[in-house]
Amino acid sequence: MEKHNAVLLLCTGGTISMSEDPVTGALRPVNFEKIFDYLPELNKIGIRTDSIAFDPLIDSSDVDPSIWSKLAHIIYDHYHQYDGFVVLHGTDTMAYSASALSFMLNNLSKAVIFTGSQLPLGVLRSDARENLLTAIEIATARENGRPIVPEVCIFFEDTLLRGNRTTKQNAEHFNAFCSHNYPPLAKAGVHIRYAKKFIHYPDPQSSLSLRTRIDQQVAVLKIFPGISEKTVRAILEMPGLKAVVLETFGSGNAPRQEWFRKALSEANDKGIILVNKTQCAVGSVEMGRYETSLDLLKAGVLSGMDITTEAIVTKLMYLMGEHSSTEEVKKLLQTNLCGEISLEDEQAYLGPLR
Ligand code: ASP
């Protein structure tokens, strides 16, 4: 396995860059230069590590699409100068940012690895050191002259996951992320073992293109027993709204009250895109399996299949930003663009990494 030796580290903020405010005691981002003070190893690993820090550094709860666009532009502008990219980011919205970048960096052929930590770098038991050093190793790993993982990924604790399949699952333990519907792309132990058959490769005939136009007119409507017509209509009738992710029960089921079906049909007739995403973490939407999803089909609701909420929200924003035709957006929603959904024949759980 060959190694190249230049990585660009993009620091947006997050716990990894934080320390306690002396007055409030709350964690907030501090000076990025401290990272190099705490991690002298960075100068010794034989990989040139250049860095760009956002100013100000932010808690990822403050991330918005302008941050995704800024990250994508920096990566695009420096694409040929580095073997790979590592993005330091807060864990709270890391899965949204990684999903958005997977769509914005079209036909990516180098690794973009998001990581962060649950404890700040300066804390003795911090997970930051291992996460960052392994992320750098993965971002620069090559075989036969090519990057091993040419994808936007999240590396955390010991696992490399496809970014647009990932969800934050844990605010307490170091294994902050999971990917329920797609296997890990690598496991880091004594060796870093890659699951090559699950890695998504770019089209060798095309090169990287940047697609950063975003349309934020998306809402998420989580269904629950007893949800009122007023709540549903307040969302579906929001002025300017273009798409709604319906978070449904089980394999994509919802209440069968007449007002609910009517509200959805009216929204669909107005051209609002409706996508069915199950509230279950594992498995896929299967409309028509139960009677309780037949009305959704009739109302024109599309299946989100086994996509995560993070990926469907960012995919909608991205597709609506890039395409003015609703029909085109609907078609591409049902298309696997960069590994974010399993089409029907691939939907069975693919099994753990061996
Ligand atoms: N609130 C922090 C953030 O997302 C949490 C973290 O980094 O883990 O920025």
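Pairing residues of the range 216-236 that are free of Cβ contacts under 8 Å to residues at least 24 places away in the same chain with residues that are loosely packed, with under 15 Cβ neighbours inside 10 Å, at Cβ distances under 6 Å and at least 6 apart in sequence or on separate chains, gives no pairs at all. When L119, L57, L42 are screened for being away from the ligand (no atom under 16 Å from the Cβ) and modelled with pLDDT under 95, only L42 passes. Mind checking whether some residue in the range 38-45 is in a helix (DSSP H, G or I), of a type in the set (A, V, I, L, M, F, W, C), over 22 Å from the mean Cα position of the chain (by Cα) and surrounded by 13 or more Cβ atoms within 10 Å (Cβ to Cβ)? Scanning the range 38-45, I find at least one residue that is in a helix (DSSP H, G or I), of a type in the set (A, V, I, L, M, F, W, C), over 22 Å from the mean Cα position of the chain (by Cα) and surrounded by 13 or more Cβ atoms within 10 Å (Cβ to Cβ), so the answer is yes. Cβ separations smaller than 9 Å between residues 6+ apart or across chains give the following pairs from the range 4-23 residues that are on the phi > 0 side of the Ramachandran plot to residues that are within 9 Å of the ligand (Cβ to nearest atom) and of a type in the set (V, I, T): G13/I58; G13/V63; G14/I58; G14/T91. Of the residues making up the range 12-30, those that are surrounded by fewer than 21 Cβ atoms within 10 Å (Cβ to Cβ), within 16 Å of the ligand (Cβ to nearest atom) and not small (G, A, S) number 6.
Within the range 314-327, residues that are surrounded by fewer than 20 Cβ atoms within 10 Å (Cβ to Cβ) sit with their Cβ atoms under 6 Å from residues that are in a helix (DSSP H, G or I) and of a type outside the set (D, E), at 6+ positions apart or across chains, in these pairs: H323/V329.
Within the range 153-207, being among the aliphatic types (A, V, I, L, M) and surrounded by fewer than 16 Cβ atoms within 10 Å (Cβ to Cβ) holds for A171, V190.
Tell me whether the range 278-299 contains one or more residues that are within 23 Å of M104 (Cβ to Cβ) and touching a residue at least 24 places away in the same chain (Cβ under 8 Å). So far as the range 278-299 goes, no, none of its residues is within 23 Å of M104 (Cβ to Cβ) and touching a residue at least 24 places away in the same chain (Cβ under 8 Å). Selection of the range 295-313 for residues being of a type in the set (S, T, N, Q) and either surrounded by fewer than 23 Cβ atoms within 10 Å (Cβ to Cβ) or part of a helix (DSSP H, G or I) (or both) yields only T309. The lone criterion from (1) touching a helix residue (DSSP H, G or I) at 6+ places or on another chain (Cβ under 9 Å); (2) over 15 Å from V218 (Cα atoms); (3) surrounded by fewer than 16 Cβ atoms within 10 Å (Cβ to Cβ) left unmet by V282 is number (1). Only residues that are under 20 Å from E33 (Cβ atoms) and either within 16 Å of the ligand (Cβ to nearest atom) or modelled with pLDDT under 95 (or both) were counted across the range 72-91, and they come to 5. Restricting attention to the range 1-16, the residues that are touching a helix residue (DSSP H, G or I) at 6+ places or on another chain (Cβ under 7 Å), at pLDDT below 90 and over 15 Å from R48 (Cβ atoms) add up to 1.
The values are calculated or read from the model by the stated rules, or taken from the named source; none is laboratory data. What you see is a predicted model, and the numbers here were worked out from it, not measured in a lab. So basically every Cβ, Gly included, is an ideal-geometry build from the backbone, and we count neighbours across all protein chains shown.
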